[in-house]
Amino acid sequence: MSGDHTSSAVSARVRSVEAFLESRGLLDDGEIDRRIDEFLAGGSPVNGARIAARAWVDPGFAERLLADANSAIRELGLTMAGGLQEQRLKVVANTVDEHNVVVCTLCSCYPIALLGPSPGWYKSEAYRSRVVRDPRGVLREFGVELPDRTRISVWDASAESRYMVVPRRPAGTEDLPEEQLAGLVTRKGLIGTAVV
Ligand code: FE
């Protein structure tokens, strides 16, 4: 169960499984709701911003993050296992040559633990269908104008896999401490629809 990719038929089946487990005493009354509430309450773009800022100041962390994000974010006390099942996280980093942007073409899968609930535009049919066909055009509408030589990679999330973008560190921030760097990172930056 992902919270996404559901239909009313699936919801009904999930409810009947919950009721069965509760009747057998395998699950406390309301445990699933409680776990999901905890999961949602902990999710905030502040988490994603902390990850990006750490990657900017610590090249070793950045390397571990890109290789195995699920393990690396635990170094910051964060996890993708807050729900009922750990979601696989892949983190991609923007460079001069490549800009990354995240979408869920099927519905609205999103790294809630790191970014909080997703914005309305992320779930919109217009964004989901167009960002794949014309990423440069969609980014332009978000005010992101990329040089022609910058390649754009679009990452399509799913029920099992979530993506997050590490924006490029802004120029002139060499002297800023990590905490202030985190303050520069926006939710859109972590999705790829803003530069930072
Ligand atoms: Fe989805």
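Things worth noting here:
- Members of segment 8-27 that are charged (D, E, K, R), open to solvent by 90 Å² or more (accessible area, probe 1.4 Å) and closer than 26 Å to residue 113 by Cα: 13, 15
- Exactly one residue out of 146, 139 is part of a loop (DSSP other than H, G, I, E, B) and not charged (D, E, K, R), and it is 146.
- Looking only at segment 149-177, and only at residues there that are assigned to a strand (DSSP E or B) and either over 16 Å from residue 192 (Cβ atoms) or touching a Pro at 6+ places or on another chain (Cβ under 6 Å) (or both), the one that is farthest from the ligand (Cβ to nearest atom): 152
- The residues in segment 178-195 that are of a type in the set (A, V, I, L, M, F, W, C), within 15 Å of the chain's Cα centre (by Cα) and not in a helix (DSSP H, G or I) can be counted, and the count is 2.
- Candidates 150, 193, 173: the one that is at pLDDT 95 or above, in contact with a His (Cβ under 7 Å, 6 or more places away or on another chain) and open to solvent by less than 70 Å² (accessible area, probe 1.4 Å) is 150.
- Qualifying residue in segment 117-134 (condition: part of a loop (DSSP other than H, G, I, E, B), under 28 Å from residue 77 (Cα atoms), within 14 Å of the ligand (Cβ to nearest atom) and of a type outside the set (S, T, N, Q)): yes
- Of all residues in segment 96-115, those being within 16 Å of the ligand (Cβ to nearest atom) and either in a loop (DSSP other than H, G, I, E, B) or among the hydroxyl-bearing types (Ser, Thr, Tyr) (or both) number 8.
- Among the residues listed as 159, 126, the single one being of a type outside the set (Lys, Arg) and surrounded by 17 or more Cβ atoms within 10 Å (Cβ to Cβ): 159
- Flag for residue 126 being over 18 Å from residue 94 (Cβ atoms), modelled with pLDDT under 95 and assigned by TED's automatic domain parsing to the domain that holds residue 95: no
- Scan of segment 71-95 for residues that are part of a helix (DSSP H, G or I) and surrounded by 18 or more Cβ atoms within 10 Å (Cβ to Cβ), ordered by number: 72, 73
- Of the criteria (1) free of Cβ contacts under 8 Å to residues at least 12 places away in the same chain; (2) in contact with a Gly (Cβ under 7 Å, 6 or more places away or on another chain), which one residue 145 fails: (2)
The values are calculated or read from the model by the stated rules, or taken from the named source; none is laboratory data. A quick note: this is a predicted structure, and the numbers were derived from the prediction, not measured. Note that each Cβ is placed from the backbone with ideal geometry, even for glycine, and that neighbours are counted across all protein chains shown. Accessible surface is based on the protein model in full, side chains and every heavy atom, while ligands, DNA and RNA are left aside. Shrake-Rupley method; radii C 1.70, N 1.55, O 1.52, S 1.80 Å.
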